[in-house]
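Please treat every number below as a calculation from the coordinates, not as lab data. For clarity, every value in this text was computed on a predicted model and none was experimentally measured. Don't worry about glycine lacking a Cβ; one is built from the backbone with ideal geometry, like all the others, and counts go over all protein chains shown.
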């Protein structure tokens, strides 16, 4: 494994992190036994940057991760997120970034993770009803209290990032970024470079679409992707052709589509640390191999040509999801 610095710190994080959400949230049926084996394998191969959130499976994701975190605490840099409130069925209902909720949420996460400190604590979104300075000020208090080491934001606008960073250094920004979702390239990525913030892409494989191994017609009824525009019938032919073409480029390169897609993300900046999610060891190992794939200008040109040939990929979110994305 190769490593990259967290923001302006001296912390070394695996260049490929591990997104834990799908282990028991949003993507079909959970498999705790395989998920635990995947977490243990991540340690074996040097993936030390793990990402969870209190909203995933209504806290059960943090509890699952804790089973491997606790006996290996000094080997793992654990990131979790707060802010989403959910009903009894686990459906997310609102975002609460109030200082009072920050302090309540962190205690619950510490208890579920069974640790006395969270390495990286993200605000899962930006609350339009709470000044970002107030939310980050409350998060900064957690650093002073020793409950949190570093602060992060997720899906935040450039304006919110600047305002937050003026209150307390923001070490990481997490947002969706992949070959099919590139809106952060205009303003967010340059800002992260300017401020010394690590950019942490989630869904860097377009939720599996770019791997050429996803059949949207076989997704489980409970799979989150069934609600998203990109995975609907009207985009199926375009995306199937795109994935097949991408697989051909990867084959010519001597790597898998997942490795090529992650290598592309890594090549966009030394401060970028993607966190592809998986609950299976075989995909974890595949993803980890991306650190050894180096792209040439010819590779990049071939990828861009393919993307231009099949542009009708569909939007990443529906309006219900977009209402939680900061556009301030």
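Data for the structure
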quantity: Using alpha-carbon coordinates, inclination of helix 236-253 to the longest axis of the chain, degrees; calculated: 80 degrees
quantity: For the stretch 161-248, average projected area of the Cα convex hull in nm²; calculated: 7.4 nm²
quantity: Pair residue 67, residue 327: separation of 7 Å Cα→Cβ label points (nm); calculated: 4.1 nm
quantity: Protection proxy ranking, peptides 75-87, 180-192, average beta carbon neighbours within 10 Å, highest first; calculated: 75-87, 180-192
quantity: Segment residue 75-residue 301, extension gain: residue separation times 0.36 nm, minus the distance between their alpha carbons; calculated: 77.5 nm
quantity: Residue-averaged [θ]222 nm for the chain, counting only DSSP H segments that reach four residues, each worth -39500 (n - 2.57); calculated: -11500 deg cm²/dmol
quantity: Among beta bridges that DSSP assigns inside the stretch 138-296, antiparallel share in %, nearest 5; calculated: 10 percent
quantity: Inter-label distance, nm, simple model (7 Å from Cα along the C-beta direction), residue 117/residue 251; calculated: 5.0 nm
quantity: Between helix 32-44 and the chain: long-axis angle, C-alpha atoms, 0 to 90°, nearest 10; calculated: 90 degrees
quantity: Projected-area mean, the stretch 77-171, by convex hull of Cα positions, square nanometres; calculated: 5.9 nm²
quantity: Computed over the stretch 44-99: relative contact order in percent, which uses C-alpha pairs under 8 Å that are six or more apart; calculated: 36 percent
quantity: For the stretch 192-328, the fraction of alpha-carbon pairs in successive 10 Å shells from zero, as %; calculated: 11, 38, 38, 13, 0
quantity: Value of relative contact order over the stretch 13-81, rounded to a whole percent, pairs C-alpha under 8 Å and six or more apart; calculated: 38 percent
quantity: Beta bridges per DSSP with both ends in the stretch 37-181, % antiparallel, nearest 5; calculated: 20 percent
quantity: Kirkwood hydrodynamic radius over Cα pairs of the chain, then Stokes diffusion coefficient at 25 °C and 0.890 mPa s, in µm²/s; calculated: 123 µm²/s
quantity: Between helix 99-113 and the chain: long-axis angle, C-alpha atoms, 0 to 90°, nearest 10; calculated: 70 degrees
quantity: Considering only the chain, percent of DSSP beta bridges that pair antiparallel, nearest 5; calculated: 20 percent
quantity: Packing-based ranking, highest mean first, of 103-113, 20-30 given that Cβ atoms within 10 Å are counted; calculated: 20-30, 103-113
